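The values are calculated or read from the model by the stated rules, or taken from the named source; none is laboratory data. Note that the coordinates shown come from a computational prediction; the quantities given were computed from them, not determined experimentally. Glycine also receives a Cβ, built like all others from the backbone with ideal geometry; neighbour counts cover every protein chain displayed. These area figures cover heavy atoms from the full protein model, side chains too; ligands, DNA and RNA do not enter into them. Shrake-Rupley method; radii C 1.70, N 1.55, O 1.52, S 1.80 Å.
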Amino acid sequence: MNIKSFLDDLIENETVPGACAAVISHDAILASYIGGCRSLIPQKRPMEENTLFDMASLTKILSPTMIALRMHHLKELTFEEKISDFFQQSGPYAEMDIKNLLTHSAGFMAEAPLWKICKDNSEVVKTILSFTPAYEPGKNVVYSCLGFIILGKILEIIGSASLDELAKELLWKSIGMEDTTYFPDEKRNFASTELKENSSVECWTGTVHDENARFIRPGCSGNAGVFSSLGDMIKFCRMILMEIKEPCLFTKEELMLLNKDSTPWAATSRGFGFMVNVRGFSDIAGEKASSSSFGHTGFTGTSIWLDPQKDRAAILLSNRVHPSRSNTLLLNERKNFHDIAFSTEDKE
């Protein structure tokens with residue numbers, strides 16, 4: 001089965017309303033797909049090439065991870081700088097550093113409803129740092145949106161600018177990512193996400209789906225909030241594949257941090273920002289991607305997976321939470337998508 005047949009079936013079976021996807025090498029688009037609907041409610045609108053997607057947790061890669069690596073390259077930060085260097089009242093997390101935050105090993109619980117707990121978004125950092133750790137900081141891995149919110153705030157302190165401004169200045173503009181932003185033009189074509197609470201006709205469209213990221217607005221959150229297009233994600237993944245071959249924006253050592261198993265003592269293999277296909281992610285990576293492959297997913301139905309050994313990247317952007325997050329059918333299909341994407345012969 002090829003990419004088109006596979007994704008046509010997903011849409012026909014109502015696994016997702018629509019999708020934009022691509023399989024690329026560092027210098028070519030090997031397959032691409034645009035199909036289905038970007039919205040079903042209040043009316044059907046077809047998916048288009050320039051559709052903007054709520055990238056959800058791919059924000060963690062596109063924004064804080066890349067900002068941190070670029071700042072390190074420019075000698076504006078070290079990965080050993082501690083949370084207590086930036087927040088005086090950092091409690092049990094005081095000795096955790098930027099590396100811990102990037103590898104989800106700083107002790108933070110996975111998530112919490114900050115929009116319900118805090119009076120306003122000025123209390124977000126203080127509230128997160130007041131939580132009892134989910135485990136002894138530095139001794140385990142728990143994928144944490146809260147940790148990346150803290151990381152985002154640290155990067156904004158270092159850079160004296162918003163995450164949106166920093167990401168554009170340090171990376172997005174330089175590689176031609178013109179669609180990617182925390183603050184999209186409301187006139188753009190969007191892939192709608194979930195129905196708003198107590199509504200049967202109005203969906204989140206062009207406004208971030210994640211409740212905590214929405215609560216932090218008009219500020220930028222490190223865990224979610226970025227919107228992007230298939231074209232920009234092709235540019236982003238191509239940049240990483242090209243950088244691995246010929247480093248320019250990063251050093252070879254910095255690039256190795258993306259898919260190096262930095263948590264060999266944990267049940268899952270974490271690189272800086274990324275999931276690494278050594279332990280714990282075969283249900284996403286599939287059987288054809290190599291152990292050097294790495295990637296990330298987003299709650300709304302987005303994902304990227306890169307395999308430098310095969311010189312391949314697989315991009316899947318969908319609106320699987322439209323009109324409801326109760327549709328989880330895509331979660332079991334990502335590995336099948338990657339098996340198709342990475343089953344082709346290695347490029348000479």
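Pull up all non-local amide H partners of Leu30: gap of 5 or more, or a different chain, and H-to-H distance under 5 Å with H placed in the peptide plane.
Result for Leu30 returns Val23, Ile24, Ser25.
Could you sort the peptides 16-27, 86-97 by per-residue average Cβ neighbour count (10 Å cutoff), highest mean leading?
Order by mean packing, descending: 16-27, 86-97.
Is region 149-238 rounded, prolate or oblate when judged by the Cα gyration tensor, a ≥ b ≥ c being the square roots of its eigenvalues, rounded requiring a/c under 1.5 and prolate requiring a/b larger than b/c?
oblate
Considering only protein heavy atoms, what per residue accessible area in square angstrom results for the chain with a 1.4 angstrom probe?
42 Å²
Give me the one-decimal nm value for the distance between modelled label points at Glu186 and Ser122, 7 Å along each residue's Cα-to-Cβ direction.
If labels sit at Glu186 and Ser122, their model points lie 2.6 nm apart.
Where in region 306-336 does the label zone of Ala267 land, with the point 7 angstrom along Cα→C-beta and an amide N cut-off under 17 Å?
none
Let's test the formula: R0 of 41 Å, r as the Cβ-Cβ distance of Asp85 and Thr328. What FRET efficiency results, to the nearest 0.05?
0.55
Quick one: net charge of Ser90's neighbours, Cβ under 14 Å, K/R +1, D/E -1?
Local charge sum for Ser90: -1.
Just from its helices, what would the mean residue ellipticity at 222 nm be for the chain, if runs of 4 or more DSSP H residues each count -39500 (n - 2.57) and the sum is divided by every residue, rounded to the nearest 500 deg cm²/dmol?
Helices in the chain give a 222 nm mean residue ellipticity of -7500 deg cm²/dmol.
Cα gyration tensor of region 241-348, axes a ≥ b ≥ c as square roots of the eigenvalues: rounded (a/c below 1.5), prolate (a/b > b/c) or oblate?
prolate
Hey, of (1) 29; (2) 20; (3) 26, which did the structure itself give for percent of Cα pairs over 32 Å apart when calculated?
Identified label for the calculated read-out: (3).
At a 1.4 Å probe, what is the % contribution of carbon and sulfur to the accessible area of the chain?
48 percent
Mind ordering 302-314, 200-212 by average Cβ neighbours within 10 Å, highest first?
For the peptides 302-314, 200-212, the packing ranking is 302-314, 200-212.
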